[in-house]
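Since the structure comes first, as structure tokens, the remarks are kept for the end.
Please treat every number below as a calculation from the coordinates, not as lab data. Keep in mind that this is a model prediction, so the values were computed, not measured. With ideal geometry, Cβ positions are generated from the backbone for all residues, glycine too; neighbour counts draw on all protein chains shown.
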Amino acid sequence: MNYPIYMDYNATTPCHPAVLEEMVPYFTEHFGNPSSGQHPYGWVAEEAVENAREQVASLIGASAGEIVFTSGATEAINLALRGAVARLRSKGNHLITFATEHKAVLDTLKTLESQGCSLTILPSQPDGSVSLDLLERSITSDTVLIAGMLANNETGYLHPIRKMATVARERGIVFFTDAVQAVGKVPVDVRDLGVDMLALSSHKMYGPKGVGALYLRKNKGGVGLEPQITGGGQEIGRRSGTLNVPGIVGLGKASEIAQQGMDAELMRLMQLRDSLEHALLKIDGAQRNGSVDSRLPHVSNISFRGIPGKQFLLRINKKLAVSSGSACSSISDKPSHVLLAMGLDSQTAIATLRLSLGRGSTLTDVKQAICYIREAHNQLNERSPAEH
């Protein structure tokens, strides 16, 4: 099959060859269950899991005992939010989050709201930022948890999580961050950020799908969680179920690789992204969405006013694999809730490209992408309004 040029690295990344190589023996030779503590098969598997736990912890500046393995970021988010709220109910039931959060966070919090919690969703400013003053004014005596993402999956905007977490900590409120798009792409240190819980995903950083992790702060009392999956008591009782050893080994190796040469890769991708944006923003009706200064180095979100968005994306995707928003919401024809929250109208939000670059992206790819996008835009722009 002739695949289009891939520029959707925020949706998923290819498994790094070294990650796959590290995983293979744990499907075949070292196939033991890490809970089988009576024989070598279980010992080898358990050792591999604990080594991966150290690797993941090292990537985010945590200790190994603060890492809980899950089936992915969505489960980690659910475990964090549902589990913490269940433990905090005696202290209060008010939760705060932001309108541009991922659906995994928003939908989970809305479910908790339907079960009796009080939920405040704070609005976004046009650049995707949120008002810290409004956050502080929204806190009540019943506020027990604040959820704010580190990096937006659609615009790449990097939120001032350190400041938000400080606001929460000073008031004794638990702070959770969805760091899925940031971990492995930019330096992330949980101690520096001051967060209580953090979710990350393997397949967003060249590891396998089906595995993720939750950082759960232990020092100074830590955060208590009510387990959401019960049965065998794995992960110190926080998440039952036989561990996905090959996947966990892959996540560990991906974490190790991510630390190697991160700064150089960050600069390389930033240069490619800037070249891409410089050319695309010359197209009539093009506008960049989100902050210019505080964002991920590999993500560009550009809208094209005055053209039919669905037709635009259909034409482009024949030669260029991009998305118009979150991969998790692509099955819907609705415009991105993130862009709507930032003030874009529905038509413009649909006529938007999220271009995310990665390890496989080259300058040649960028030049070809520019040509494809210009061509598709020109073809649609030449049509009369009636034909639109």
So L314 and I236, fully extended at 0.36 nm per residue minus their Cα-Cα distance, gain in nm 23.3 nm
Measure nothing but the geometry: give the 0 to 90° angle between the long axis through the Cα atoms of 245-259 and the longest principal axis through the Cα atoms of the chain, rounded to 10°. 60 degrees
Return the aspartates and glutamates within reach of K110: Cα separation strictly under 19 angstrom, same-chain partners fewer than 8 residues apart disregarded; answer none if there are no such residues. E75, E101, D142, D178, E226
Tell me, what is a quarter of the convex hull surface for the C-alpha atoms of segment 83-187, in nm² with one decimal? 6.6 nm²
Under a straight-distance cross-link criterion of Cα-Cα below 17 Å, which aspartates and glutamates are reachable from K318, leaving out those fewer than 8 residues away in the same chain? D8, D365, E375
³J(HN,Hα) across segment 49-56 via Karplus (A = 6.51, B = -1.76, C = 1.60, θ = phi - 60°), whole Hz, x for Gly/Pro? 5, 5, 5, 5, 4, 5, 5, 5
Within segment 1-17, backbone nitrogen closer than 14 Å to the virtual label 7 Å beyond the Cα of E375 toward Cβ: 4-5
Determine the calculated [θ] at 222 nm for the chain from helices alone, applying -39500 (n - 2.57) to every DSSP H run no shorter than 4 residues and normalising by the residue count; nearest 500 deg cm²/dmol. -11500 deg cm²/dmol
Label A264 and T28 with points 7 Å out from Cα along Cα→Cβ: what is the distance between them in nm? 3.2 nm
Interatomic Cα distance distribution for segment 231-315, bins of 10 angstrom, percent: 13, 26, 21, 20, 16, 4
Amide H proximity to N10 below 5 Å, modelled H, separation 5+ or other chain, gives S356
Hey, got the dipole for segment 17-259? About the Cα centre, +1 on K and R Cβ, -1 on D and E Cβ, debye to the nearest 20? 620 debye
Rounded tilt (10° steps) of 363-381 against the dominant C-alpha axis of the chain: 50 degrees
Distance in nm between label sites at L20 and E136, each 7 Å beyond Cα in the beta-carbon direction? 5.2 nm
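Order of M262, M7, M267 from fewest to most other C-beta atoms within 10 Å?
Least crowded to most crowded, the residues run M267, M262, M7.
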What share of all Cα pairs of segment 17-259, in percent, falls into each consecutive 10 Å distance bin? 8, 33, 35, 18, 6, 1
Using a basic spin-label model with each label point 7 Å from the Cα along Cα→Cβ, how many nm lie between T364 and E47? 4.4 nm
T12 to S346: extension gain in nm, 0.36 nm per residue of separation minus the Cα-Cα distance? 117.7 nm
Arranged by the count of other C-beta atoms within 10 angstrom, fewest first, what order do E101, E136 take? E136, E101
From the phi of every residue in segment 174-180, what ³J(HN,Hα) in whole Hz does the Karplus formula 6.51 cos²θ - 1.76 cosθ + 1.60 yield, where θ is phi - 60° and glycine or proline is x? 6, 10, 10, 10, 7, 10, 3
Set the Förster radius R0 to 35 Å, insert the Cβ-Cβ distance between T111 and N219 as r into 1/(1 + (r/R0)^6), and round the FRET efficiency to 0.05. 0.70
From Cα pairs below 8 angstrom and at least 6 apart in sequence, can you work out the relative contact order of segment 17-259, rounded to a whole percent? 28 percent
